[in-house]
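J.: Sharing a structure with you now.
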Amino acid sequence: MPKTSSVFSDAVCQSIRDAIRDAEGNEVFLTGVLDRNALVCDVRVASRGHESAVPVVPAALETAEVLIHNHPSGRLAPSEADLGIASRMAERGTGFYIVNNEVTEVYVVIEPVQIKERVLVDTDWLRHVLGESGPLAETSRYYEERPTQIELSCSIARAFNEGKIGVFEAGTGTGKSYAYLLPAMLWALHNKDRVVISTGTINLQQQLIEKDIPAAESLIGSPVKTILMKGRQNYVCRRRLAEALADRDLFDDEVAELETIAEWVARSPDGSRSDLSFMPKEQVWSRICSESDACMGIRCAFHEECFVMRVRKEAATSHIIIVNHHLLFADLEVRMGGVGYDDTAVLPPFHHIIFDEAHGIEDAATSFFSEYFTRFRMHKQVSVFYRIRRGSISGHLLTLERLSSSSGHVQDAVSAVQKIKDVFASVEEIALSMLSASTSWRLRESTSGEAARLLEAMALLRAEIAGFTGIIREILDGIDEEDQNEPVVWESKFALRRLEFVGILCQHFIEWSERRESVFWMERLKTRDGGFYPRFVQTPLSVAPMMKEGVFEPFNTVLCVSATLRIGTSFGYWLKRNGVSLVEQDRVLTGVYDSPFPYDRNVLFCIPSDAPLPEENSYQIWLEHAIVSLLQSSAGRALVLFTSYESLRTACSRAREALSPLGIQVYRQGDDDRSRLLEAFKNDESSVLFATDSFWAGVDAPGDTLSHVILAKLPFKVPNDPVHAARSEALEMAGLNPFMELSLPEAVVRFRQGFGRLIRRKTDRGVVTVLDRRLLTKTYGSLFTSSVPETRRLTEPLQDCLSHIETFLYN
């Protein structure tokens, strides 16, 4: 046993003796604080007991670095109760000591984990590096000091130094990547810590890895190990690839594609799909990609060569990890499910997060935590066990029965598969009849009557799935222990869990009225052959509670950075929607860092005053005419953004007729892959791109390619969007105005994003035209206009706007 003098200061020894004496020699429970040398330098009495026991006070555990109690008997070996408490404390890094009444002996059950002294980020150093006399100025030909970048970087440093939540709006051109990279890299390097940077787009991830981080390393003067991590389904699984190649149940073109992939895998350094020279068919890639539930871990014959394991090993020794929002939420889901925040989940343990493009967090979290099933998801899992293709029976069912001592189940399982398919066809038929007049439908009080048949069919589907999975589990239970690690068994268990999840989701639909925290809805989607199928979805009504519990409370530093977080001058909407308003407000820092770009000189903001209101019958015809005229005035070079694909389609068709004779190419969303479409648009300087939805954000086309952004309508969400409608109803039930609390703020954020497509660098110059007169006629119009930078503004009839636009752009 160590000497008490090596564990306690002399004053602490005396304090413990005094506490025991005051308790008449009975057990005393104390909490202690450590000094820099791991010596207990202060103790407080938490409770007193009798000769063989003392109560543990949970509240006292929160701030303790070590727990101390005495054994009056002088026998210091820990009891079972002691060991139980010590184990719980070990998870927190809290030490656990037992002493005798004289405090001459000490038994150290758990050594405390001493908190490292943090090395704070030096804000003076940041000001120097980013300032006009610093190394950034020396290395960049086009350097201009950006005061807002320096202030933003110092605010981010403060958040790291003080363990804060930072919500920072940084306008376009602020240089936010450097502003957060420098303090994050310094913190990780000097404190041997790890920082995760989560982004919304692949483009930003590539920019960080290929350009910004290497440049930041040169400014720091030291390498900072960084890795880009993708979701595991982006990587090929060598085992599944080998099994697919050995499978005779393939079409010829699939065999050829798999053989090409196998040749690529033999020389690929990381096995990432993005490195392939072609885009594999989805049905092929889904058979060979890595999936968490199907992973055999160290039991896999390919474990040493596994691409995912290689990436994870690299991540475990990295200072900075770049991920997308989806992968981060996958990690957080595992941590909230019980793994905790100090062990490896999907990512290695970390305690600091930076959300870039933070305006998209709510949508990303809503999407990730939504659960759904379709015919294709269900059939995929059933087909793992039994399928007929090109006249041949295949699947794992026959192999499983050969391995199992429980035989005679094949025919029952085959019959159960057919029953599942038949019942699911009935579920689909009922759902599609309910979706005949609309593309989406929501389960709620007013629609529960018409949902009765659907829910009955779902109950039957759940029962048939349970029957089938029961048969398969009986077969699996009969397989010997030495065969349990066979890939066919592992894959079958994985498919079984996925299939059972469909049954669970059916049960959730049936219990919808007891699950008010979720929205239950379905939508009608198109198949490739022009048919339709329903998708059944459960979506969280609000992500704020899980963001509070899973992100903002447990992590030491959380930084949220974007160009569009405020509505008018307030962060209130974003803070409420994302759960920041639920945490202690003294932990929250907010700040606005304006764009250095000269919007007041370089942007003309036009609102035609003679536009019909969007609800008027003449609006679409006027809109199509106005767009053509506006595109002629700017000689193309425009992005035209819509809120309705139908409106886009007809307007685009008319524009193509009018602009084709002028040699102006008109691209339309949906004509090609998004990235190829954007590349074609940027490479053709006079071209025009008609788009909706995701193109309101993430389009980066600096220079002469884009001189005119046309917004057809204010981007309010359609009122029949199921999740939006459910959230609106919840606000109304809480006595709030859903338009002011949800619809309007959502639209303002989207408007700001669309507006922001125009100016991407300081020399850009152009026009934003909004063809929605509600900006002028509605009281809420000023909220839109006050949320964008100060510009030259024009509110005149369309014909006058056209001449002003030509003058502004070409004179």
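J.: Going by what's in this entry, would LEU630 be described as modelled with pLDDT of 95 or more, closer than 26 Å to ASN203 by Cβ, touching a helix residue (DSSP H, G or I) at 6+ places or on another chain (Cβ under 9 Å) and open to solvent by less than 10 Å² (accessible area, probe 1.4 Å)?
T.: On the way: modelled with pLDDT of 95 or more: yes; closer than 26 Å to ASN203 by Cβ: no; touching a helix residue (DSSP H, G or I) at 6+ places or on another chain (Cβ under 9 Å): yes; open to solvent by less than 10 Å² (accessible area, probe 1.4 Å): yes.
Criteria not met by LEU630.
J.: May I pose another question? Inside region 51-156, counting only strands (runs of 3 or more DSSP E) that do not spill past its ends, which hold 2 or more residues that are open to solvent by 30 Å² or more (accessible area, probe 1.4 Å)? Even if it seems obvious, please write down each step before you answer.
T.: On the way: elements: 66-70, 95-99, 106-110.
Here the list reads 106-110.
J.: Next question. Please enumerate the residues belonging to region 1-45 that are among the basic types (Lys, Arg) and part of a loop (DSSP other than H, G, I, E, B). Let's see the steps before the verdict.
T.: Pass one, region 1-45, residues among the basic types (Lys, Arg): 3, 17, 21, 36, 44.
Passing the criteria: LYS3, ARG36.
J.: Right, something else. Return the residues of region 671-697 that are in a loop (DSSP other than H, G, I, E, B), in contact with a Lys or Arg (Cβ under 9 Å, 6 or more places away or on another chain) and surrounded by fewer than 19 Cβ atoms within 10 Å (Cβ to Cβ); say none if nothing qualifies. Spell out the reasoning first.
T.: Residues of region 671-697 in a loop (DSSP other than H, G, I, E, B): 671-673, 684-687, 697.
Retained after the next criterion (residues that are in contact with a Lys or Arg (Cβ under 9 Å, 6 or more places away or on another chain)): 685-687, 697.
Residues satisfying the conditions are GLU685, SER686.
Yes or no, residue by residue, for (1) open to solvent by 60 Å² or more (accessible area, probe 1.4 Å); (2) of a type in the set (D, E, K, R):
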residue: ALA316; (1), (2): no, no
residue: ASP331; (1), (2): no, yes
residue: LYS380; (1), (2): yes, yes
residue: HIS396; (1), (2): no, no
residue: LEU403; (1), (2): no, no
residue: LYS421; (1), (2): yes, yes
residue: ILE430; (1), (2): no, no
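J.: Next question, about the same structure. Please go through region 575-598 and pick out each residue that is farther than 30 Å from ILE759 by Cα, within 22 Å of the chain's Cα centre (by Cα) and part of a loop (DSSP other than H, G, I, E, B).
T.: GLY579, VAL583
J.: Only one of GLY572, GLY579 is open to solvent by less than 20 Å² (accessible area, probe 1.4 Å) and either of a type in the set (Val, Ile, Thr) or within 30 Å of GLU549 (Cβ to Cβ) (or both). Can you tell me which?
T.: Numbers: GLY572 fails: open to solvent by less than 20 Å² (accessible area, probe 1.4 Å).
Being open to solvent by less than 20 Å² (accessible area, probe 1.4 Å) and either of a type in the set (Val, Ile, Thr) or within 30 Å of GLU549 (Cβ to Cβ) (or both) holds for just one of GLY572, GLY579, which is GLY579.
J.: To continue, here is another question. With the structure loaded, tell me whether ILE354 is in a helix (DSSP H, G or I) and in contact with a strand residue (DSSP E or B) (Cβ under 8 Å, 6 or more places away or on another chain) or whether it fails that test.
T.: On the way: in a helix (DSSP H, G or I): no; in contact with a strand residue (DSSP E or B) (Cβ under 8 Å, 6 or more places away or on another chain): yes.
Here the answer is no, as ILE354 does not meet what is asked.
J.: While we're on this one: Would you please list the contacts, defined by Cβ atoms under 9 Å and residues six or more apart or on different chains, that run from a residue in region 216-243 that is of a type in the set (Phe, Trp, Tyr) to a residue that is open to solvent by less than 30 Å² (accessible area, probe 1.4 Å)?
T.: Here the result reads TYR235/GLY271; TYR235/SER272; TYR235/CYS289; TYR235/SER290; TYR235/PHE307; TYR235/VAL308; TYR235/VAL311, each pair linking region 216-243 to a residue that is open to solvent by less than 30 Å² (accessible area, probe 1.4 Å).
J.: Could you name every one of the helices (runs of 4 or more DSSP H) located completely within region 700-811 that has at least 2 residues being open to solvent by less than 10 Å² (accessible area, probe 1.4 Å) and within 29 Å of GLU624 (Cβ to Cβ)? Explain how you work it out, then say what you get.
T.: Working: elements: 722-733, 744-755, 774-777, 781-785, 798-810.
By residue number, 744-755, 781-785, 798-810.
J.: Return a yes/no flag: does region 742-764 have any residue that is more than 29 Å from the chain's Cα centre (by Cα) and closer than 25 Å to GLY360 by Cβ.
T.: We begin by selecting, within region 742-764, every residue more than 29 Å from the chain's Cα centre (by Cα); these are 762-764.
After this cut, where a residue has to be closer than 25 Å to GLY360 by Cβ as well, the list is 764.
Yes, the conditions are met somewhere in region 742-764.
J.: Follow-up. Report, by residue number, each residue of region 186-243 that is of a type outside the set (Val, Ile, Thr), surrounded by 21 or more Cβ atoms within 10 Å (Cβ to Cβ) and not in a helix (DSSP H, G or I).
T.: Once the filter is applied, which keeps residues that are of a type outside the set (Val, Ile, Thr), surrounded by 21 or more Cβ atoms within 10 Å (Cβ to Cβ) and not in a helix (DSSP H, G or I), region 186-243 yields ARG194, SER198, GLY200, LEU228, MET229, TYR235, CYS237.
J.: Checking the condition within 23 Å of ILE621 (Cβ to Cβ) and in contact with a strand residue (DSSP E or B) (Cβ under 7 Å, 6 or more places away or on another chain), which residue from THR777, THR795, THR769 passes? Lay out the reasoning, then the answer.
T.: Working: THR777 fails: in contact with a strand residue (DSSP E or B) (Cβ under 7 Å, 6 or more places away or on another chain); THR795 fails: in contact with a strand residue (DSSP E or B) (Cβ under 7 Å, 6 or more places away or on another chain).
Just one listed residue meets the conditions, THR769.
J.: Can you give me the number of residues within region 357-396 that are over 13 Å from the mean Cα position of the chain (by Cα), without any contact (Cβ under 8 Å) to a residue 60 or more places away in the chain, over 16 Å from LEU505 (Cβ atoms) and outside any loop (DSSP other than H, G, I, E, B)?
T.: Total meeting the criteria: 3.
Quick grid of which residues meet (1) surrounded by 16 or more Cβ atoms within 10 Å (Cβ to Cβ); (2) of a type in the set (Phe, Trp, Tyr):
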{"site": "ASP586", "(1), (2)": "no, no"}
{"site": "GLY591", "(1), (2)": "yes, no"}
{"site": "PHE605", "(1), (2)": "yes, yes"}
{"site": "ASP610", "(1), (2)": "no, no"}
{"site": "SER618", "(1), (2)": "no, no"}
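J.: Would you mind listing the helices (runs of 4 or more DSSP H) fully within region 252-330 where at least 3 residues are basic (Lys, Arg)? Outline the logic, then answer.
T.: Values: elements: 252-267, 282-288, 307-316.
The helices (runs of 4 or more DSSP H) meeting that bar are 307-316.
The values are calculated or read from the model by the stated rules, or taken from the named source; none is laboratory data. A quick note: this is a predicted structure, and the numbers were derived from the prediction, not measured. Cβ atoms come from the backbone with ideal geometry, glycine included; neighbour counts cover every protein chain shown. Side chains are part of the model used for accessible areas, which takes the heavy atoms of the whole protein and leaves out ligands, DNA and RNA. Shrake-Rupley method; radii C 1.70, N 1.55, O 1.52, S 1.80 Å.
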